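Engineer: Sending over a structure as C-alpha cells; questions will come in a sec.
Just so it is clear, none of the values below were taken in a lab; they were calculated from the coordinates. All figures in this text were calculated on a predicted structure; none of them were measured in a lab. Here Cβ is always computed from backbone atoms with ideal geometry, including for glycine, and neighbour counts include all displayed protein chains.
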Amino acid sequence: MIAQKRSNPRAEHRLRQLQRANESVSLAEKFPNLKSLMAHLTYFSPDGLTRNGEVRYTVHVGHAKSAFSFACQNRECVGGDFDLSEAVAAAVVARTKAVEGEVRCQGSRDRPPDGKQPCQNLLRYKLLLGYV
Ligand SMILES: [Zn+2]
C-alpha cells in the first residue's frame with residue numbers, strides 16, 4: 001500500500017518560495033553597488049486600519065537573497081507573499097536612498113461556507129538604501 005501524502009497547500013507554497021529564494025543570487029551579487037539596506041515593514045489588515053505587526057531590521061546584503069519577499073502573517077493564507085524584489089531593484093537602478101510603498105497579499109483564505117476569499121492583507125514598507 002502506498003501512503004497517501006496529505007496535501008498542505010500552505011506548506012507547499014512556503015517550500016516553493018524557499019527554493020526560489022535559495023536559487024536566487026544574493027543582493028550583493030545582483031547589485032554590486034548596494035552597500036546597505038534597511039527594511040521597515042508594517043503589516044496591516046486589508047482595510048489598512050488595523051496594524052498587525054511591525055518589523056524593522058538591517059538586511060545583510062551579502063547573505064540576503066535577491067528574491068526578496070516576506071510571508072503573509074495570516075495563518076490561513078495560502079500562496080500569500082509580499083514580494084519586494086521589484087521595489088529593491090527599481091530603487092537600486094535609480095540609486096534612490098529611501099523608498100516607501102505598499103503591497104497587497106495576493107494569496108487567498110479558505111473561509112467556509114464562502115469558499116476561497118482573497119486575502120488582501122496590506123504591507124507598508126520603507127526601505128533605506130546605501131550605495132558604494
Ligand atoms: Zn495573505
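Engineer: Which residue out of 95, 75 is touching a strand residue (DSSP E or B) at 6+ places or on another chain (Cβ under 8 Å) and charged (D, E, K, R)?
Structural biologist: On the way: 75 fails: touching a strand residue (DSSP E or B) at 6+ places or on another chain (Cβ under 8 Å).
Result: 95 is the single residue among 95, 75 that is touching a strand residue (DSSP E or B) at 6+ places or on another chain (Cβ under 8 Å) and charged (D, E, K, R).
Engineer: Identify, please: which residue in the range 49-73 is within 14 Å of the ligand (Cβ to nearest atom) and touching an Asp or Glu at 6+ places or on another chain (Cβ under 9 Å) and is, among those, farthest from residue 119 (Cα to Cα)?
Structural biologist: Here the answer is 69.
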